[in-house]
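Novice: One structure follows; several queries about it will come next.
All of the numbers you see were taken from the coordinates with simple rules; none came from a lab. The model shown is predicted, which means the values in this text are computed figures rather than measured ones. All Cβ positions, glycine included, derive from the backbone under ideal geometry; neighbour counts span all protein chains shown.
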Amino acid sequence: MTGPAAITLRGVGKRYGKNTALDGLDLEVAEGEFFCLLGPSGAGKTTTLKTIAGLEQPQAGTVELGGADMAGVEPYDRGVAMCFESYALYPHRTAYDNLASPLRSPRHRLPAHEARERIGEIAELLGIGALLDRQVGRLSNGQRQRVALGRVLVRPARAFLLDEPLSHLDAKLRQAMRAELRAIGAVRRTTTLYVTHDSVEALALGDRIGVIRDGRMVQTGTREELWHRPCDTFVARSFGRPRINLLPGTVTPEGHFRSSDGAYELPLAVPAPPGTAVQLGVRPRDIGLGAPAGTGGGPALELTGAVHVTELLGRATEVTVRIGGQRLSLVVPRAEAAGLSPDRPVRLSVAPESLLLFEADRPARPGRRIST
Amino acid sequence: MPGRTASVPTAGHGAGAGKRAVPAWRRSLRPYLLIVPALLLTGGILYPFGLGLYYTLFDFAASKPQPDLVGVGNYRRILTQPAFWDSARVTVAYAVGAAAVETVLGVAVALLLHRSSPVGRVLEKILILPLMIAPVIAAIMWKLMLQPSVGVVNHLLEPFGLGGVQWTDTPTGALLSSIAVDVWVYTPFVAILALAGLRSLPASPFEAAAVDGAGWWFTFRRLTLPMLWPYVLVAVIFRFMDSLKVFDIIYALTEGGPGDSTMVLQIRAYLEAIRFQRYSFGISYMIVLWAVVYLVTMVLVRYLGRIQNRAAEVER
Amino acid sequence: MRRRLLCAAADLALIAYFVFALFPVAWMVVLSLKPTNELFSTYFSFTPTLDSYRTVLGAGDDQGVPFLRFFVNSLVVSLGAVALSLVIGLPAAYAAARWRFRGSENLMFTLLSFRFAPELTVIIPLFVLYQQLGLFDSYVGMVWVLQLVTLPLIVWIMRSYFSDLSPELEQAALLDGYTRKQAFFRVALPLVKPGIAAVSLLAFIFAWNNFVFPLILTSSNAQTVTVGALSFLGGDRPKYNLTAAAALVSVVPPLLLALTIQRYLVRGLSFGAVKS
């Protein structure tokens, strides 16, 4: 990578009274990168954005933009634009005036006709061209959210900070806007830090993704890295619906995985000390129904169990299978699941390379992945 | 949605050209700068208060411009003077009487208005009228009406055989008349707050009670009153504290008379300090009243906090 | 049937209260229209005249009570007091709403204690002080002392309005490229404008209706209507019609203002303790 990172956070800490919002957070976003910050509510996502924007003062650590330390630099001098989850639109003004606000400010002033042109472009892009004369109070939540996004996109900025900018749109519009945001990101190459609690959104948008929990960065990486090599069960659980299966068990002296009730054993690709309490992770879409067919990746592993329940997910079906005392869910094409009724015995196949091995979860500390 | 993507503006001012760092100490100074004027002004008001406290340690009076230090002598004199205790009794009687009547009447008016009958909707618009009239003007109005010989009240009572009542000329009559004026002015205050409270009560408990077939009295005792109480309490606190320091109404209506029958503490302090120009002694009176009001406020405000918490739980 | 009867009884009770509430004002109107020679001879039947108003608002009565001047004085000191309180109180209220710090809590509590403190505690020392400083019976002196009434009201209520406003609006303005000052004036202030209007009017009314301060701290130059209205009762022959006219004239401004801010009264009257 050439030049300094666009956004660098080192050991940033922020407390509100007794509550710790950020606990030594590290983050690096490269110039022009579209970075998604994923985490549950209360993980410190919004605080991270506000700290970068200069709206909150961290009590520890440093914030750098383009390699320059931002300590004490006012928000209006940082050159970043932020879209608030609450929209933070000026309710007493029209949508147009809200979009025009940055372009009328002393720092980003544009001549009126240029501003009008630019606002027109953005409004059309976001599909709010017809709403510009409306008072913000008379817009729906989805419309407000798009105006808020427009207020960010309309102005030049070294970085966009977007806080759940699509959360209030209906599913269809959200998908369309996601595509649009990706396109904007690709064309503009403006560094974007995008906060969301929706892993689908993060996977769809992010060049890289950071998973945050309790004010700390758990793992950053590309979507492939996070999907295939999650650092712990928390990250593994964060991606994929239905969620990854995490089967508790132990490592046998031969280095096999044995389920906690001893109902089955599977060989492990990674070496683990015998006797360790572990969890075996396997994603529902990595499990096949029926006897293993000789696929390219070596011999598939086989499991047998009984159907517990089936649930239709559009074109696919989620099948929950009982194996001993454990439950395992898998997703198969609808046709394959036809005729499956509860208690019917089934055979399952899974490729050995799709198995992930984690330490057992401990209170407040998800199990780490065991790798070679 | 068009597939077009907005172009980037060419200007390079996104990078924040002149970055000036504001040191942390200046940042933390910011809120203080905003309150400095208010602090100065408050100081300007606290100064005479402090000066007053200082005066009470002397026997400063117009007849004694070169005062001597008397220490707590003024306070000792006040607290051993029967006149002070008489005044204290009158003041408490006035405050309790006025606040009690205003609370009951105000809540009643609020409940009646809450039904929002056509008559009520019209009347509600003029509810605040007495409250916006200066209390001293209200007292003047009532003084004119309560004149024993030519006042309109006695004239209207005459047909009922009640003419010639000595409203403000008997000790009991004077106190009751002053309370009546207080009630006339301030009942809308209680009513307005209680009405706001009634209108903000959640509907669901009442719907549930109606479904259960609860009677009017039960609903009122078990639901309306407990949830309304925090609102009413705010009103009661304001009214009680304010009537402890009543001045205008009594000054205009009776000036403390007849005898000392309406000689509340602020009136007596006024007479001592301004009319008889015994400054130190008059201020000492006020300091005693101030201390009492302050203590009562603390107790009541704390109680209000507890009540508000409890009411919030009831609503949950 | 029983229900209808109850409703009628409730309405009747309401009407009874409002007769009690309105009669004094109505009677003042009657009194003020009475000619002096019929003042004590009749109650309801007389030849109405506007002479009382002419006397009160004109040259004054035979004792020369300059009531119109008192009226102007009331206007000047009340407006002055509200203006000063706004200039000083708005920044303080904003700071107290946006930052939690020891100084602001102390200030807020001290201001609240002004609201409940007996006025004379401060006024009597001030009476002595003003005579030394030459502020006795002056506009400046009155505006200053009226802060005791207007400043706590404005700071407390405006803090509650500012607190209701999401700080993210101003933060958005900062990121739009505005300075903190601009964010305050362009975003926060316009949004609390209705609150400012309401609280200013209420503060004006309270300043106008104040009686103790002008009674003790003014004599003739800066005297206000509340004290002035009493002067007609003096003398050997009380002039009831003039008193009534003066009383009515002096309640007109607060009443007119009050009608325009009905909606905001609850929060104002309860110092922000009750919102509606």
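Novice: Using alpha carbons only, how many angstrom separate the centre of segment C:163-197 from the centre of segment A:312-372?
Specialist: One Cα centre to the other: 53 Å.
Novice: Okay, next question. Choose one of B:LEU29, B:LEU157, B:ILE179: the residue whose Cα lies farthest towards the positive end of the charge dipole of chain B (beta-carbon charges +1 Lys, Arg; -1 Asp, Glu; about the Cα centre).
Specialist: Value computed over the given set: B:LEU29.
Novice: For A:LYS18, give me every one of the lysines with a C-alpha distance below 30 angstrom, ignoring sequence neighbours fewer than eight places off in its own chain.
Specialist: A:LYS45, A:LYS50, C:LYS275
Novice: Suppose a student asked you for the relative contact order of chain C, using Cα pairs under 8 Å spaced at least 6 residues apart; what percent would you report?
Specialist: Across chain C, relative contact order equals 27 percent.
Novice: Listing C:TYR53, B:TYR279 from the residue with the fewest other Cβ atoms within 10 Å to the one with the most, what is the order? The partial results should precede the final answer.
Specialist: On the way: C:TYR53 17, B:TYR279 25.
By the 10 Å Cβ count, ascending: C:TYR53, B:TYR279.
Novice: Summing +1 for each Lys or Arg and -1 for each Asp or Glu, what net charge is found among the other residues whose Cβ lies under 14 Å from the Cβ of B:LEU304?
Specialist: Residues near B:LEU304 contribute +4 overall.
Novice: Within straight cross-link reach of C:LYS181, meaning Cα distance under 18 Å, which aspartates and glutamates are found once same-chain residues fewer than 8 apart are removed?
Specialist: Candidates past the 8-residue exclusion: A:GLU56, A:GLU74, A:ASP77, C:GLU168, C:GLU170.
Novice: Quickly estimate the mean residue ellipticity at 222 nm for the protein assembly as shown, helices only: each DSSP H run with n ≥ 4 gives -39500 (n - 2.57), and the total goes over all residues, rounded to 500. Intermediate results must be reported in sequence, preceding the final value.
Specialist: On the way: 35 runs with 491 residues, N = 964.
After summing the helix terms and dividing by the residues of the protein assembly as shown, the value is -16500 deg cm²/dmol.
Novice: Moving on to the next point. What is the calculated FRET efficiency for B:ALA100 to C:PHE23, with r their C-beta to C-beta distance and R₀ = 30 Å, to the nearest 0.05?
Specialist: Here the calculated transfer efficiency is 0.85.
Novice: Under a GNM of chain B (C-alpha, springs under 10 Å), which listed residue has the highest mean-square fluctuation: B:PRO171, B:PRO65, B:PRO258?
Specialist: Highest fluctuation of the listed residues: B:PRO65.
Novice: When only Cα pairs under 8 Å and 6 or more residues apart are kept, what is the percent relative contact order across segment B:60-156?
Specialist: Across segment B:60-156, relative contact order equals 7 percent.
Novice: To the nearest 20 debye, what charge dipole does segment B:73-315 have about its Cα centre, counting +1 at the Cβ of each Lys and Arg and -1 at the Cβ of each Asp and Glu? Don't jump to the answer; show the numbers that get you there.
Specialist: On the way: 18 positive and 15 negative charges, 100 e Å.
Here the size comes out at about 480 debye.
Novice: While we're on this one: Which of the listed residues, C:LEU79, B:ALA88, A:GLY129, is farthest toward the dipole's positive end in the protein assembly as shown, when Lys, Arg count +1 and Asp, Glu count -1 at the beta-carbon?
Specialist: A:GLY129
Novice: If you don't mind, another one. For segment A:33-169, give the magnitude of the charge dipole about the Cα centre (Cβ charges: +1 Lys/Arg, -1 Asp/Glu; no others), in debye to the nearest 20.
Specialist: On the way: 16 positive and 15 negative charges, 89 e Å.
Computed charge dipole of segment A:33-169: roughly 420 debye.
Novice: I would also like to ask the following. Within 10 Å of each residue's Cβ, count the other Cβ atoms and sort C:LYS181, A:LYS14 from fewest upward.
Specialist: C:LYS181, A:LYS14
Novice: Among A:LEU103, C:LEU269, C:SER231, flag the residue with its Cα farthest along the positive direction of the charge dipole of the protein assembly as shown, charges on Cβ as +1 for Lys/Arg and -1 for Asp/Glu.
Specialist: In the protein assembly as shown, that residue is A:LEU103.
Novice: Membrane-span-like helices in chain B: DSSP H runs reaching 30 Å or more (Cα, own axis), mean Kyte hydropathy at least 1.0?
Specialist: TM-like helix candidates: B:82-114, B:171-200.
Novice: Where does helix A:141-153 land angle-wise versus the long Cα axis of chain A, in degrees 0 to 90, nearest 10?
Specialist: It works out to around 70 degrees.
Novice: Relative contact order of chain B: what whole-number percent is it, with Cα pairs under 8 angstrom and at least 6 residues apart?
Specialist: Rounded, it is 25 percent for chain B.
Novice: Rank-order B:81-93, C:241-253 by packing density, defined as the average count of other C-beta atoms within 10 Å over each peptide's residues, highest first.
Specialist: On the way: B:81-93: 16.0, C:241-253: 24.5.
For the peptides B:81-93, C:241-253, the packing ranking is C:241-253, B:81-93.
Novice: How would you classify chain C from its alpha-carbon gyration tensor, with a ≥ b ≥ c the square roots of the eigenvalues: rounded for a/c under 1.5, else prolate if a/b is greater than b/c, otherwise oblate?
Specialist: Numbers: a/c = 2.50, a/b = 1.44, b/c = 1.73.
Oblate.
Novice: Report the label-to-label distance for B:LYS64 and A:VAL187 in nanometres (one decimal), using points 7 Å from each Cα along the Cα→Cβ vector.
Specialist: Distance between the two pseudo-spin positions: 9.0 nm.
Novice: When a/c reaches 1.5 or more, the comparison of a/b and b/c decides; with that in mind, is segment A:245-359 rounded, prolate or oblate per its Cα gyration tensor?
Specialist: Details: a/c = 2.15, a/b = 1.64, b/c = 1.31.
Prolate.
Novice: Listing A:LYS45, A:LYS18, B:LYS143, B:LYS64 from the residue with the fewest other Cβ atoms within 10 Å to the one with the most, what is the order?
Specialist: Ranked by crowding around the Cβ, least crowded first: A:LYS18, B:LYS64, B:LYS143, A:LYS45.
Novice: Which residues does a label at B:TRP216 reach in segment C:1-34, if reach means a backbone N under 16 Å from a point 7 Å past the Cα toward the Cβ?
Specialist: The answer is C:1-15, whose backbone nitrogens lie closer than 16 Å to the label point.
Novice: Take the alpha carbon gyration tensor of segment C:1-91, find the square roots of its eigenvalues, order them as a ≥ b ≥ c, and report rounded if a/c is under 1.5; if not, report prolate when a/b exceeds b/c, else oblate.
Specialist: Oblate, since a/c reaches 1.5 and b/c is not below a/b.
Novice: Something else: Place a label point 7 angstrom from the Cα of A:SER140 along the Cα-to-Cβ direction, then list the residues of segment A:202-224 whose backbone nitrogen is under 13 Å away.
Specialist: Counting only backbone N, you get no residues.
Novice: A:LYS18 to B:SER149: FRET efficiency via 1/(1 + (r/R0)^6), r the Cβ-Cβ distance, R0 60 Å, to the nearest 0.05? If you can, show how the numbers build up before the last one.
Specialist: Values: r = 72 Å, r/R0 = 1.20.
The formula returns an efficiency of 0.25 here.
Novice: Nothing charged except the Cβ atoms of Lys and Arg (+1) and of Asp and Glu (-1): what's the magnitude of the dipole of the protein assembly as shown about its Cα centre? Round to the nearest 20 debye.
Specialist: Details: 93 positive and 70 negative charges, 221 e Å.
Its charge dipole is roughly 1060 debye.
Novice: Next question, about the same structure. Give me a single rounded figure for C:15-27: the average over its residues of other chain Cβ atoms within 10 Å of their Cβ. Kindly include the intermediate steps, with their values, before the conclusion.
Specialist: Numbers: counts 4, 0, 11, 9, 0, 6, 13, 4, 6, 13, 6, 0, 8.
Averaged over the peptide's residues, the number is 6.
Novice: For C:LYS34, which lysines qualify as cross-link partners when the Cα separation must be under 30 Å and same-chain residues fewer than eight apart are set aside?
Specialist: Cross-link targets: B:LYS125, B:LYS143, C:LYS239.
Novice: Would you please put C:92-101, A:134-143, C:144-153 in order of how densely packed they are, using the mean number of other Cβ atoms within 10 angstrom per residue and starting with the highest?
Specialist: C:144-153, C:92-101, A:134-143
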